[in-house]
């Protein structure tokens with residue numbers, strides 16, 4: 001069984017492009033590892049462990065020098081691949097003197113970081129294209145939440161809670177009464193809940209003018225370890241709008257900071273009224289409120305988990321199936337990664 005709480009051979013959202021400005025490095029902890037992200041004069045982002053191998057000072061206390069990261073303690077510079085570019089006084093660098101580097105891909109309006117030792121696999125980057133597709137209007141957001149990332153995966157894959165937690169935004173009829181249909185396809189989960197002739201939700205009343213009975217759908221795609229894409233939609237009950245057509249999508253990345261804290265990067269994107277700032281502001285206000293409500297619940301949940309008596313655990317109901325399936329997938333992948341690491345070490 002793996003002792004690591006995090007999958008390493010995976011991509012993690014480390015930042016959004018606007019956070020990594022030329023000449024100003026960004027420090028961010030991911031999977032308990034302090035990272036410094038920086039953008040060179042050539043516009044390309046690099047990522048290094050935020051520990052200078054000279055005296056373990058934080059590289060992020062320094063500045064970007066050309067296309068290199070310069071330590072703020074003694075001015076030693078490192079290239080994006082971690083190799084030493086310059087030692088003050090033009091002194092020679094010791095053999096193998098370098099900072100650990102991490103592969104970086106800037107895609108879909110996010111900066112993805114590969115944390116593993118295996119060759120980075122671009123196929124594992126989630127399809128979040130709506131975030132920067134010109135045919136969609138996107139409203140991005142970020143929350144720092146004091147919880148383990150799996151609590152938020154549970155939360156987003158079980159939307160029965162919207163009736164009780166998000167009464168003024170996402171709540172509506174039919175959610176608790178309609179079973180969630182879940183299918184596990186290898187390392188991925190697809191799930192859906194389709195509700196007919198139910199009371200509308202505040203977000204559809206405000207954004208789409210749906211005031212009477214509606215048909216409503218929630219469709220989920222989970223990709224390990226912590227990505228969830230949700231298609232949400234509604235129509236007047238019985239109308240001919242195709243089931244599954246999005247009113248909006250929500251793109252979720254619950255990047256672990258530590259065992260008990262996360263960087264929550266989210267975007268809600270829509271394929272209509274893409275040039276209307278009033279609609280975007282409406283979505284921002286409602287989603288900000290809803291996700292702040294989630295953050296408060298799961299942070300308190302983490303506190304209670306930490307102080308629970310020995311032997312206490314979760315009880316599962318049918319609406320927990322997607323979240324439980326996600327946990328099983330991650331456990332299996334952790335075991336596989338640990339076994340592969342043990343084989344490599346023995347060779």
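Values quoted throughout were computed directly from the atomic coordinates according to the rules given, and no laboratory measurement underlies them. Values in this document were obtained by computation on a predicted structure and should not be read as measured data. All Cβ positions, even for glycine, are placed from backbone atoms using ideal geometry, and neighbour counts span all protein chains on display.
For the stretch 193-240, the Kirkwood hydrodynamic radius comes to 11.6 Å, computed from all pairs of different C-alpha atoms. The label point for residue 236 and the one for residue 205, both projected 7 Å from the Cα toward the Cβ, are 1.8 nm apart. Take the Cα of residue 340, step 7 Å toward its Cβ, do the same at residue 19, and the gap between the two points is 2.6 nm.
Kirkwood-type hydrodynamic radius, the stretch 39-193: 19.8 Å, calculated from all non-identical alpha-carbon pairs.
For the chain, the longest principal axis of the Cα atoms and the long axis of helix 321-346 meet at an angle of about 20 degrees.
P(r) tail for the stretch 277-347: Cα pairs beyond 17 Å make up 71% of the total. Given their separation in residues at 0.36 nm each and the Cα-Cα distance between them, residue 167 and residue 332 gain 55.8 nm when the chain is fully extended. With kT/(6 pi eta Rh) evaluated at 37 °C and eta = 0.692 mPa s, and Rh the Kirkwood radius from Cα pairs, the chain diffuses with a coefficient of 150 µm²/s according to Stokes-Einstein.
Expressed as a fraction of 2.2 N^0.38 Å, the C-alpha radius of gyration for the stretch 206-299 is 1.23. Projecting the alpha carbon convex hull of the stretch 11-123 along each direction and taking the average yields 7.0 nm². Most mobile of 73, 204, 283 per a Gaussian network model of the chain (Cα springs, under 10 Å)? Result for the chain, Cα springs under 10 Å: 73 fluctuates most.
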